[in-house]
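No value in this document is a laboratory result; all are computed from the given coordinates. All figures in this text were calculated on a predicted structure; none of them were measured in a lab. Cβ atoms come from the backbone with ideal geometry, glycine included; neighbour counts cover every protein chain shown.
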Protein chains: 2
Amino acid sequence: MDTTVSIDEAIESIRELIREHRVDELRKLVIEMRPQDIVDVIERLDSSERRLVLGLIPSSYYVEILDRLSDEVLYEVVVSKGVSKIARIMSDMQPDVIADILARLPPRTRRRILALLPPWKIEEVATLLRYPPESAGGVMTTRIPVFSVDEVVGKVLEEYTVKYQLGLYDKLNYVYVVDRGGELVGWIEFKNLLTASRDRRLREVVQPCPARVHVLADREEAARLVVKYDLVEIPVVDDKDRLLGAITVDDIIDVIVAESTEDILKFGGLGESVRGSYLTARVTELVRRRATWLIFLYVMESITVSVIGFFENVLSSVIALSFFIPLLTATGGNAGSQAATLVIRSLATGEARPYDFLRIVAKEAVSSSLLALTISPVGFLLAYTISHNIVVASIVALSLPCIVVVASLMGVLLPFIAMAIKTDPAIISAPLISTVSDITGLTIYFTIASILLKLLGLT
Amino acid sequence: MDTTVSIDEAIESIRELIREHRVDELRKLVIEMRPQDIVDVIERLDSSERRLVLGLIPSSYYVEILDRLSDEVLYEVVVSKGVSKIARIMSDMQPDVIADILARLPPRTRRRILALLPPWKIEEVATLLRYPPESAGGVMTTRIPVFSVDEVVGKVLEEYTVKYQLGLYDKLNYVYVVDRGGELVGWIEFKNLLTASRDRRLREVVQPCPARVHVLADREEAARLVVKYDLVEIPVVDDKDRLLGAITVDDIIDVIVAESTEDILKFGGLGESVRGSYLTARVTELVRRRATWLIFLYVMESITVSVIGFFENVLSSVIALSFFIPLLTATGGNAGSQAATLVIRSLATGEARPYDFLRIVAKEAVSSSLLALTISPVGFLLAYTISHNIVVASIVALSLPCIVVVASLMGVLLPFIAMAIKTDPAIISAPLISTVSDITGLTIYFTIASILLKLLGLT
């Protein structure tokens, strides 16, 4: 609450100071803010205001804020400061943070900055950049305390303390233990190392790690393991189980937030979509990405035109049938979205797995049938009340349960199909489900209508 | 990957052992599994299989698994074991975990178990239970190291080590420092305490905490602060800034996962909905919750019946107009969902705030207009290709941009309206947006149709 108000107030003050050209006061105000708050403010300013404020921030502040900026603003800063100044600022950062920032810049800029870094950092950063940003390797840190199983507690503590004070380690709670080949043996919680007797060898006090993650595994897999085993960090290993690094809990949190944002955006029909902040995203970029999906869905949905057109005769003999088109398609889409949401979320958290397919389909078949039976009488009553047409109301009441069941089952099937063809199930968006269920729903509705009308001799 | 396969295999083996009544082997298999994996297996078994397996798990295992079970299975376990046995198991747990579990049980069961706990735990647990489960107080731990500013580093370290070895502290990286009134002064990272000289007072080495959270604040607020300031724990204070406890990072992760699940489920049209696991959720409960929303949306959507009915004359003179109803309503719904998703997510992560309302509306007005202009020619071409009717294709091409802009703006407005009336903006689901945009979309379409047809003298 407190921080929210102060940032909104800060923006007001900054705008006022800019309008009145009180640059010294402006500089003072900005310098007194916490780095995280500066980021919040910068992201909210117009680009001309932003340029002015960025010019006032001392270089030492950039170390704290650079990695928190959205992609757009980051690039703006790099362009306005120039690569050599940025490389100088980055020299003071930790290799994994440098790699994260570089991975978000265009390849040419990335290479130019990398070449300007101090030689001993280039190697570490280049190693990290080899792993895709969405992999465990892409988010790990290599600055971890690693000791051999043969070493003695007392010596390890000494070396650890020295290196820790030199700032060679990331924020970690465990000391990692490897054998002579570099294979991960386990870890020791730092506080337990303190209380262990000094002359014991690490092999006597090491604990097995509850989980480890392969360097090329999806970063989401790392997050899932951390959540499942309630960890605060997780070791990263290669094919031969050799320790390469570890992912710290603050990076895991960032992964969880980023992945759930991605899932939500996808579900809302934004495809791979809009990375970073909505507020600072360029409008053209936003439009390009939304338009792609919107047009794709439009083309798919146009099948419904042919479906209805196919039943033109039925429709022209009972024009009131058309009144219920949106009601029926919407209900199908809603039931399908509900089912898909449940399944996609369960798959994302690892609660459900491909293995559970049959169980989920069976559960959904039962639930959606009950749902259909619940909604059908409501459907009939409402349809009759509005149309005063018992035939149309009956057609609606007969179609509704079929549409609900079919749409729900499709909501469940589509995410699994996506998985089967090696796509992220989250790509199955609410709009996509609606589109597919519109096509099937209308076919069901008009087929039932034409059969019933024929039976009653009305066509 | 590895864990996934082994759990699926474990379930297979368990089912086989149950079928063949090999109870001893079954017990051995279960006991050898890790507690987290036992939870995964239990949640996947049918309730009869589950009862059998639960009976084989030794009490000591329950300490590890009880708090990880879904609400349904947790209650099943409590009922089958009986409250006195459960109270005995819970006596070995930490107060904040006990409070979390109790908060998930029905009030009567909760009171009965609470009364059976050891007296010294009752007080701590009861204190925690006073705070709502969704508040910062509901997820904090009270087992934190707290020392006065006047104490000396050497003595603090001694006391800390003793208490840590007695298991009196939760997993924490900081030692908290308060003044004489119990007000939070700051914290000291444990490793820094180790390297500080032993005779200094805490007031000389204490650091200010970058953030603190009020005990009654939403737990989401705590998570937002942790993410923003890259923390690994956050202190919880009362009105007078007195330290009450702290939230550890593993609990923050649980909050982030729970809240994003909640947001995704809401967006999928599941209202407050389905807590816990989809796989174990009772079908009747699932249906009840889905039906409520589905019927609510059905009733709202039925307004479209009247809208179309109102334009019956237009429709019967050009029956082909009805062919395009689903196409237009779907596109409106899709554009609205995209806009709503972006805004809801930005509001949830704190990236956008109510204060940004005008900026977001302006941005969306520009984006959606560009989007509309992009999609309109596609709309015309496709409509003409399918219908070979230039009049209808023109009506579609004219309505489409209006529908896209209006739906997008509504997608942006509704979450803010929800916030203004003190509701979670995530309640604005894709289905709700579609429903609202169907009503306005059809009105736009048929109004344009009737005007154009009148101008052309076709009605």
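Observations on the model:
- Average projection area in nm² (convex hull over Cα atoms of segment A:347-399, one quarter of hull surface): 4.9
- Helix axis angle, B:107-116 relative to chain B longest principal axis, alpha carbon, degrees: 10
- Packing-based exposure ordering (other Cβ within 10 Å, fewest first) of A:Tyr298, A:Tyr164: A:Tyr164, A:Tyr298
- Shielding of B:188-197 by partner chains, average beta-carbon count, 10 Å: 3
- Modelled label reach - A:Asp46, point 7 Å along Cα→Cβ, segment A:15-31 residues with backbone N closer than 15 Å: A:15-21
- Modelled FRET efficiency - R0 22 Å, B:Thr423 with B:Arg130, Cβ distances, 0.05 increments: 0.30
- Straight-line cross-link reach from A:Lys85 at under 16 Å between alpha-carbon atoms covers these aspartates and glutamates, not counting any fewer than eight positions away in the same chain: A:Glu64, A:Asp67, A:Glu76.
- Each listed q (0.24 Å⁻¹) maps to a log10 I(q)/I(0) for segment A:49-157, found by the Debye formula over equal Cα scatterers with no solvent: -1.38.
- Rg ratio (alpha-carbon, reference 2.2 N^0.38 Å) - segment A:305-389: 1.47
- With Cα atoms, 0 to 90° folded angle of helix A:283-301 axis to chain A main axis: 30
- Residues B:Leu184, A:Leu455, A:Leu381 arranged by fewest to most Cβ contacts within 10 Å: A:Leu455, A:Leu381, B:Leu184
- Spatially proximal aspartates and glutamates relative to B:Lys155 (Cα-Cα < 19 Å; intrachain offsets below 8 disregarded): B:Asp179, B:Glu189, B:Asp199, B:Glu204
- Cα extents of segment A:250-367 along the three principal axes, largest first (Å): 65, 44, 19
- Histogrammed with a bin width of 5 Å, the alpha carbon distances of segment B:1-64 distribute as 3, 18, 34, 28, 14, 3, 0 percent, first bin at zero.
- Distance between modelled label sites at B:Thr161 and B:Val79, nm, 7 Å Cα→Cβ extension: 5.2
- Exposure proxy order (Cβ contacts within 10 Å, fewest to most) of A:Phe446, B:Phe323: A:Phe446, B:Phe323
- Across the copies of the chain, B:Val152 has label points (7 Å from Cα along Cα→Cβ) spaced 3.2 nm apart, shortest distance listed first.
- Each of the peptides B:121-128, A:118-125 was scored by the mean count of other Cβ atoms within 10 Å over its residues; in descending order, highest first, they stand as B:121-128, A:118-125.
- For segment A:385-459, pairs of C-alpha atoms spaced more than 16 angstrom apart make up 58 percent of the total.
- Legend: mean number of C-beta atoms from other chains within 10 angstrom of residue C-beta atoms, peptide B:278-285, equals 5.
- Relative to the longest principal axis of the Cα atoms of chain B, helix B:153-165 runs at roughly 80 degrees.
- Using every pair of separate Cα atoms, the Kirkwood estimate puts the hydrodynamic radius of segment B:1-109 at 14.5 angstrom.
- When the inverse distances between all different Cα atoms of the protein assembly as shown are averaged and flipped, the Kirkwood radius reads 30.3 angstrom.
- Within 10 Å of each Cβ in B:7-14, the average number of Cβ atoms from other chains: 1
- Cα pair distances in segment B:279-322, grouped into 10 Å bins until the bin that holds the longest one, percent each: 24, 27, 21, 16, 11, 1
- Derived from the Cα gyration tensor, the three semi-axes of the equivalent ellipsoid of segment B:205-307 are 40, 16, 12 Å, largest first.
- Position A:Pro208: other-copy label points at 4.8 nm, ordered by increasing distance, label point 7 Å along Cα→C-beta.
- Solvent-free Debye calculation, one equal scatterer per alpha-carbon of chain A: log10 I(q)/I(0) at 0.12 Å⁻¹ equals -1.09.
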